[in-house]
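Here the structure comes first, spelled out in structure tokens, and everything after it is commentary.
The values are calculated or read from the model by the stated rules, or taken from the named source; none is laboratory data. Because the structure is a prediction, the values reported are computed rather than measured. Surface accessibility is based on the protein's heavy atoms, side chains included, excluding ligands, DNA and RNA. Shrake-Rupley method; radii C 1.70, N 1.55, O 1.52, S 1.80 Å.
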Amino acid sequence: MSEVTRTSYHSAWVNPRILMKINQFLTDAEREALCKTDDIFRNNLEFISSPEDLPTVLFPFRKVVCVEEAEDVFRQYQGDTSSLRMPGSDKRTDAFRALKKRDFELCNHLLNRGGALALNKRQTRYLCALPYTHFEFPRLCAQICQARLCAAKTPGQKQEELQELLEEACAKGNLKTLKWVIKRHAESSLSPLGLAPALEHVVMGGFDHLLPTLLSFISPDTLAPEQKEEYVQAAVQLGYAHFLLMLESFGFPVTPDQKKEMGELMALQEALEPQISFPEPTNTSHDDIHGGDMNKTISHAEYKRIVAWVVHELVKGTPFPVIINGLHCRRLRMAVHGKLTELNHYGAPTDQIMETLNISEGTYGEWGDFIREHYSLPIQVNVVIGDKEVPLTKIEKDRWIHPDGAHRDKVLAEIERICEANFRKLNPDIATPLAQVIFLFSHSPPSRRGTPIMMRAFVDGICIFQQRKLIPPHRELNLEALVYVNMGKFVEYFVKKSPLPIIAPKTED
């Protein structure tokens, strides 16, 4: 430990056992950041009674990776230390406070340490009104589910609540909650739950880890033959080869042609795997948000499968809207298997304003610097589609504000028009239309979250289909587009930087 670190710690943490615990709990970068925010921590010493309490008081700052981020986080909590309290004060109250502040990680952590939610009717009503169930935080999710079930008074209400929870669990690929629903249903002696809507979510997400449990709970015999055929075709359309075999094992009708198509897709995945690279993160913080090293293998493998699936669909001549809708499903699957948070946003069509923060510093700081040098902010990005001007991103000095989806269909129709006109056959100049697609995707995200990866997989698939060299994985195509307010200027930049010449001319039959 450096001398400055030792001195700073000595002023704030006088107990040597606590000092030792700090050294075990924090990384070097976090230790240095803690030194710079010494005074704020000194104000919270009253909450520390033993080294074992330290992880809870430090938990909100666990993701600190640099001094600037540490100062921002500490400033957020400086005026309200209630969420920093630890076991021995009031965990139960603190957990609910953390939930209301939307600090779900802290809430879940306090629940794991003995906290509780829904201690009165008002809190129960608050839990029941939450728009989603937070499957990524197991203890929090369990308490929300229990509160919702307890609030249902009649058998009919309990039946409806369990059906809704069943569908939510299947929509987000959550096996633990699926098993919780099955157990509660068995205890309630209610009528059988509906399989069709739950199974549809499982099929669209390709959640093969849910399928055996769901179909052992509700027999597929309750489905009509045409329903089974629709689910099989959906799995084929989305390229879920392994999932298709599982459906067949449960008695779903799979034709030889469908098996053959999945075999061709798997062969294509294997052939393309060496040349596809997962887009590199902007920096460490950005990488952590998207799963970090822990889920890197899963995310990278799934991304390569998605790109191969895009190429496969282009070869088939699948309509571009179908491909884009499929990308939503496959991006959700990637998020679930990568254990990401905020799963309600992945795969969900944009229907609200979304913001990308920290373009003044931190994760996107260098891009914000470019924007502030070139534009007078705030500035509204627009694009002309047909004879109408459509509003896209609004750029503030510290954030991008993405549109609420009011013009989502119009933008997607324009993307479809560009793709149909330029990417169906080998085109000697794909850089210009590809730049237009990238600009529209970036400034009007079709999904609440996950658009950059969806777009990059789409671009990689088009480049492979058009027999072009892939754009290097370190290129941040989404961010490159977001620093331009004029589509024509971005096209000029992109064409100059990425001409995308043909590298292996295709022979015509």
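Say the cut-off is 22 Å between C-alpha atoms; which of LYS101/LYS296; LYS388/LYS410; LYS100/LYS121; LYS469/LYS497; LYS316/LYS496 go over it?
Going by Cα-Cα distance, LYS101/LYS296; LYS316/LYS496 fall outside the 22 Å limit.
Can you work out the accessible area per residue across the stretch 365-487, with the rest of the protein chains kept in place, probe 1.4 Å, in square angstrom?
Value for the stretch 365-487: 40 Å² per residue.
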Exercise. Expressed as a whole percentage, what fraction of the accessible surface of the stretch 192-263 belongs to carbon and sulfur atoms when a 1.4 Å probe is rolled over the protein heavy atoms?
Worked result: 57 percent
Exercise. Based on the alpha carbon coordinates of the stretch 239-388, what radius of gyration and maximum Cα-Cα distance (Dmax) apply, in Å?
Worked result: 19.6, 62
For this session: For the stretch 185-198, just list the computed ³J(HN,Hα) in residue order, Karplus coefficients 6.51, -1.76 and 1.60, θ = phi - 60°, integers in Hz, with x standing in for Gly and Pro.
Result: 5, 5, 6, 9, 6, 9, 5, x, 7, x, 7, 3, x, 5
Seminar exercise, completed: Whole-Hz Karplus couplings 3J(HN,Hα) for the stretch 167-184, θ = phi - 60° and coefficients 6.51, -1.76, 1.60, Gly and Pro as x, run 5, 4, 4, 5, 5, 10, x, 9, 5, 4, 6, 4, 5, 4, 4, 4, 5, 5
Problem set entry | Estimated vicinal HN-Hα couplings, Hz - the stretch 390-405 in sequence order (Karplus 6.51, -1.76, 1.60; Gly, Pro = x) | 10, x, 10, 6, 10, 9, 9, 5, 10, 6, 9, 10, 8, x, 8, x
Problem set entry | Residues whose placed amide H lies under 5 Å from that of ASN382, excluding near-sequence neighbours | LEU392
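So, for the stretch 192-320, what is the accessible surface per residue at a probe of 1.4 Å, expressed in square angstrom?
Using a 1.4 Å probe on heavy atoms only, each residue of the stretch 192-320 averages 46 Å².
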For this session: Mind running the shape call on the stretch 303-456? Use the C-alpha gyration tensor, a ≥ b ≥ c as the square roots of the eigenvalues: rounded below 1.5 for a/c, prolate if a/b tops b/c, oblate otherwise.
Result: oblate
